[in-house]
Amino acid sequence: MTRKVTLNKLPVGKTGKVFDITAEGIIRRRLFDLGLIKRTFVKALHISPAGDPIAYEIRDAVIALRSEEAENVLIEI
C-alpha cells in the first residue's frame, strides 16, 4: 500500500516517487528543471541544523529545497 505525502514530509533516509507537482509558474518550471517529474525517485538525505532547507538526492544529484518549495511536490511512499 502506498500513501501520498508532500516531499517536505519525507523522512530522512527514505525514498519516494514523484506523483504530481502542484506548483505553478516559475516555481513549477524550476522543479521540472531540477528533474522533479512524475515517476522520478527522490531520497531525503539531510536536514539543515535550522530545519530548512532539506537536501534530497534526485537523479544522482544532491539538491537543497526549502519546505515551501518541497510542499509543492506530491510523492508516493
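The values are calculated or read from the model by the stated rules, or taken from the named source; none is laboratory data. Nothing here was measured: the structure is a model prediction, and the numbers come from that model. FYI the Cβ positions are ideal-geometry reconstructions off the backbone, even for glycines, and counts take in every protein chain you see. Accessible surface areas use protein heavy atoms only, side chains included; no ligands, DNA or RNA. Shrake-Rupley method; radii C 1.70, N 1.55, O 1.52, S 1.80 Å.
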Checklist entry - Which of the strands (runs of 3 or more DSSP E) contained wholly in the chain include at least 1 residues that are at pLDDT 95 or above, open to solvent by 70 Å² or more (accessible area, probe 1.4 Å) and among the charged types (D, E, K, R)? => result 4-6, 41-47
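With respect to A44, determine if the residue is more than 9 Å from the chain's Cα centre (by Cα) and without any contact (Cβ under 8 Å) to a residue 60 or more places away in the chain. Write out each step before concluding.
Values: more than 9 Å from the chain's Cα centre (by Cα): no; without any contact (Cβ under 8 Å) to a residue 60 or more places away in the chain: yes.
In short, no.
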